[in-house]
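Just below is one structure, and these are the notes that go with it.
The values are calculated or read from the model by the stated rules, or taken from the named source; none is laboratory data. None of the values given here were measured: they were computed from a predicted structure. All Cβ positions, glycine included, derive from the backbone under ideal geometry; neighbour counts span all protein chains shown. Just so you know, the surface numbers come from the protein's heavy atoms only, side chains and all, with ligands and any DNA or RNA stripped out. Shrake-Rupley method; radii C 1.70, N 1.55, O 1.52, S 1.80 Å.
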Amino acid sequence: MELGPHRDTLQLPALQRRRRAIVRGVAEPVPNDPISARLRDLGFVAGELLEVVARAPFGGDPLVVEIGATRFALRVREAARIIVEPLTA
C-alpha cells in the first residue's frame, strides 16, 4: 500500500508520547516489504488505536507502542512505516 502525505496523518515516530492515534495504514517502501507485512500481522492495521508509551533516551530508539492490550518495542526506522492520525483531545 502506497500512502502519501495527508494533513492529518503522520509517521508513528512523530507521535508525541502518551498521545493516542488511529492507525491509517502501513506503508511499503518496496513492494512486498517483509517488515511492513510483519507489522500488519502484529495488529498494526487501519482503524486500530495505539499509543506511544515510552521512548529510549537520546534519540528515542526504540519506542514502545501499545496497541490493544499488547506492547511492542519498535525501531524508529520500522515504526516510520506506520501511518497514524492523532486523536483530538
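The table below lists the values:
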read-out: Table column - 3J(HN,Hα) (Hz), the stretch 28-33, Karplus curve with 6.51, -1.76, 1.60, x for Gly and Pro; value: 10, x, 9, x, 6, 5
read-out: Using θ = phi - 60° and Karplus 6.51 cos²θ - 1.76 cosθ + 1.60, couplings along the stretch 72-81 (whole Hz; Gly, Pro as x); value: 10, 9, 10, 5, 4, 5, 7, 4, 5, 6
read-out: Local electrostatic count at residue 18 - Lys and Arg +1, Asp and Glu -1, tallied over other residues with Cβ under 11 Å; value: +2
read-out: Zero-based 5 Å bins, Cα pair distances in the chain, whole percents; value: 3, 15, 28, 28, 17, 7, 1, 0
read-out: Probe 1.4 Å, accessible area per residue of the chain, Å²; value: 62
